[in-house]
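The structure appears below as structure tokens.
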Amino acid sequence: MMKEGKKTYTKEEVNELKKWFDNQSLPLTMKVDKATFVPNLKDTVDMLFEQAYVCYENPKMQGCLYLLEKIRSNLEKNGTGA
């Protein structure tokens, strides 16, 4: 995934992240961090990937990918993700 100092993702990295999410059973909701609550996680992840596939090469539009990585990290930390 995105390494420190790296500005953008490749399409292959986005595909790899999408594949990981496709193999998960997502909870209905998630408190991503102290400022971010997601009331419908599945729909949110789907919309974030729609944006990610459009913006993955633009270093100023990496927020969707950052949020997907944060969700993935939370799932792994809480034992929900594989």
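The values are calculated or read from the model by the stated rules, or taken from the named source; none is laboratory data. Treat the numbers as computed from the prediction; the structure is a model and nothing was measured. Please note: Cβ atoms are built from the backbone with ideal geometry, for glycine as well, and neighbour counts cover all protein chains shown. Ligands, DNA and RNA are stripped out before the accessible areas are found, and what is left, the full protein with its side chains, is counted by its heavy atoms. Shrake-Rupley method; radii C 1.70, N 1.55, O 1.52, S 1.80 Å.
For segment 64-79, indicate whether the set of residues that are at pLDDT below 95 and in a loop (DSSP other than H, G, I, E, B) is non-empty.
Scanning segment 64-79 turns up at least one residue that is at pLDDT below 95 and in a loop (DSSP other than H, G, I, E, B).
Any residue at all in segment 28-41 that's small (Gly, Ala, Ser), open to solvent by 30 Å² or more (accessible area, probe 1.4 Å) and part of a helix (DSSP H, G or I)? So that I can check it myself, show each step before the final result.
Looking only at segment 28-41, we keep the residues that are small (Gly, Ala, Ser), and these are 35.
Then drop every residue that is not open to solvent by 30 Å² or more (accessible area, probe 1.4 Å), which leaves 35.
Now restrict to residues that are part of a helix (DSSP H, G or I): none.
No: segment 28-41 contains no residue that is small (Gly, Ala, Ser), open to solvent by 30 Å² or more (accessible area, probe 1.4 Å) and part of a helix (DSSP H, G or I).
Of the numbered conditions (1) assigned to a helix (DSSP H, G or I); (2) within 17 Å of LYS7 (Cβ to Cβ), GLU57 satisfies every one except a single condition; which is it?
Among (1) assigned to a helix (DSSP H, G or I); (2) within 17 Å of LYS7 (Cβ to Cβ), the lone unmet condition for GLU57 is (1).
Under 7 Å by Cβ, and 6 or more places apart or on different chains, what pairs join a residue from segment 1-24 that is open to solvent by 100 Å² or more (accessible area, probe 1.4 Å) with one that is at pLDDT below 85?
That search, which allows pairs on different chains as well, returns ASN23/ALA82.
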